[in-house]
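Below: one structure, written as structure tokens.
Each reported figure results from applying straightforward, stated rules to the coordinates on display, with no laboratory input. All values derive from a computational prediction rather than experimental measurement. Methodologically, a virtual Cβ is constructed for each residue, glycine included, from the backbone with ideal geometry; neighbour enumeration extends over all protein chains shown.
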Amino acid sequence: MDPEKTVPLPKDIDIIEDLRQNSSGRRKAEEHLFNRFVYFIREGIRKYSLTEEDAFDVYSDTILSAIGKITSGLFEGRSSLKTWLFRIFHNKCVDQIRKLTTNKSKIHRTAIDPALLSHLTDTAKSVIQQLIDRSDAVLLKERLKDLGDNCRKLLALFADGYSDREIAVTMEYKTAEVVKTSRLRCLEKLRQSYNLLKN
Amino acid sequence: MDSIELIDDYFKGLLTGEQQKQVEQRILSDPSFAEDLAFYLSANEAVRQQLADDKKAWFKELYERSKTSAVPRKSPVRPLYVLATAAAIMAIVLGGWWLFFRHPSPRQLADDYVSAKLMTLGVRMSSTRDTMQTAIERYNSNDLPAAAALFESFLQHHPDDEYAAQYSGIVYLRLKQYDKALHYFQQLAADTTLYYNPALFYQSLTLMERRLPGDDEKAKAMLQEVVNRRLGGNEDAQQLLSKW
């Protein structure tokens, strides 16, 4: 029995549309996307001999990566959602197997969103990467937890791809400008809190 | 424009070509500016990481739920019917056991509470509250958008009526417009003249439903506060905490 004939599931196009709109329906769309292809985890265990935990991690990373790509408009719909997702999942499974079978120790380097880094020229990128390598990512994450709820939500929504205008609607701010000012103030607050303990 | 705003605009692609070049030159010539830019990226990454951790924790819950769900999942290999039947029986037995003994998620707890206690509102006997009566009737007949409009309209004319704020919050909770629900419950919480004020309890319920990063922890702390201070909803809060 095909479950899709008996259970009213949203269509791929609806999930993609809800993800792109960054509205209140986005979280539900993320849930639908995760649930729709959750059987990939079994594929990870069966085809790639991963443990359930590793297969779950790989699948979670696949979904997070897919959400990021869909919301930023990088999914062009040339193949079906399933085919596209399985390709990402397959590549991540292969990466995971390589990681498990080689003894190379992981290089501890703060990985910055490549989309942001791509703005910089190579020379500037190298300078910035050196500065980032000197930063304390663990401390920064800790300090983040101590920011107020409002600040954390503002920064989280922005990092999740919401524009200031969309954040204004979601969090009921008057304008996108107010959101921007508040968000940058939160960033400054985080910086002061971080510098206080780092120095 | 200060550094951080300039950097923000740079990464959002809002600068002209000339301004972009100036930013890149400043990275090489102004160490303080380069530090600002590096911090902007590191902070953004820290937030992204935290967000990914929170989402993975949520995915874990979804996964655990999917394993016990009655809905069969697609598989490229069709199992033998005999094995499938045996597996289904096993899943029902284990699923029943799991459903009986598991700790439900905060959202599940909130859903159960809403289903049990917030599907209808008590009809008020006062003859002076026509709009309120109509709003409650609409709510009870599940016409939630109409009920929301009427409760809000009533609240505009009676800003001190605690039921109007409370019911406006409840209807938006049911409509899953959590930020609006919180707005009304916070408005209700600000009224310190009430002997019985369940605002904090309802705020907690809303956070349990909304589930943004940090909402669960905050909801639990609020429920604890309701119990400790014996606020409105105290007994329900105790029950929810016992199942958490």
Answer with yes or no whether A:Arg191 is crowded, with 17+ Cβ neighbours inside 10 Å, touching a residue at least 12 places away in the same chain (Cβ under 8 Å) and either within 11 Å of chain B (Cβ to nearest Cβ) or in contact with a helix residue (DSSP H, G or I) (Cβ under 6 Å, 6 or more places away or on another chain) (or both).
no
Filter the stretch B:145-180 down to the residues that are free of Cβ contacts under 8 Å to residues at least 24 places away in the same chain, within 14 Å of chain A (Cβ to nearest Cβ) and either touching a Cys at 6+ places or on another chain (Cβ under 7 Å) or not in a helix (DSSP H, G or I) (or both) and list them by number.
B:Gln177
Residue, nearest to A:Ile97 (Cα to Cα), within the stretch A:47-70, restricted to residues that are among the β-branched types (Val, Ile, Thr) and under 10 Å from the mean Cα position of the chain (by Cα)
A:Thr62
For A:Cys186, which of the numbered conditions (1) under 17 Å from B:Lys12 (Cα atoms); (2) in a helix (DSSP H, G or I) fails to hold?
(1)
Flag if A:Ala111 is in a helix (DSSP H, G or I) and within 23 Å of B:Leu51 (Cβ to Cβ)
no
Looking only at the stretch B:12-57, how many residues end up being of a type in the set (Val, Ile, Thr), at the interface with chain A (Cβ under 9 Å from one of its Cβ atoms) and either touching a residue at least 12 places away in the same chain (Cβ under 8 Å) or over 13 Å from A:Ala124 (Cα atoms) (or both)?
2
Enumeration of residues in the stretch B:215-244 that are surrounded by fewer than 19 Cβ atoms within 10 Å (Cβ to Cβ), under 28 Å from B:Lys56 (Cβ atoms) and either touching a residue at least 40 places away in the same chain (Cβ under 8 Å) or among the basic types (Lys, Arg) (or both):
B:Lys218, B:Lys220, B:Lys243, B:Trp244
Considering every residue within the stretch A:127-144, establish whether at least one is more than 8 Å from chain B (Cβ to nearest Cβ), in a helix (DSSP H, G or I), more than 29 Å from B:Gln20 (Cα to Cα) and not charged (D, E, K, R).
yes
Does A:Phe37 count as among the hydrophobic types (A, V, I, L, M, F, W, C) and over 21 Å from B:Asp54 (Cβ atoms)?
no
Six or more apart or on different chains, Cβ atoms under 7 Å: show the pairs whose first residue is in the stretch A:35-47 and under 13 Å from B:Phe59 (Cβ atoms) and facing chain B (nearest Cβ under 7 Å) and whose second is in a loop (DSSP other than H, G, I, E, B) and among the basic types (Lys, Arg).
A:Val38/B:Arg73
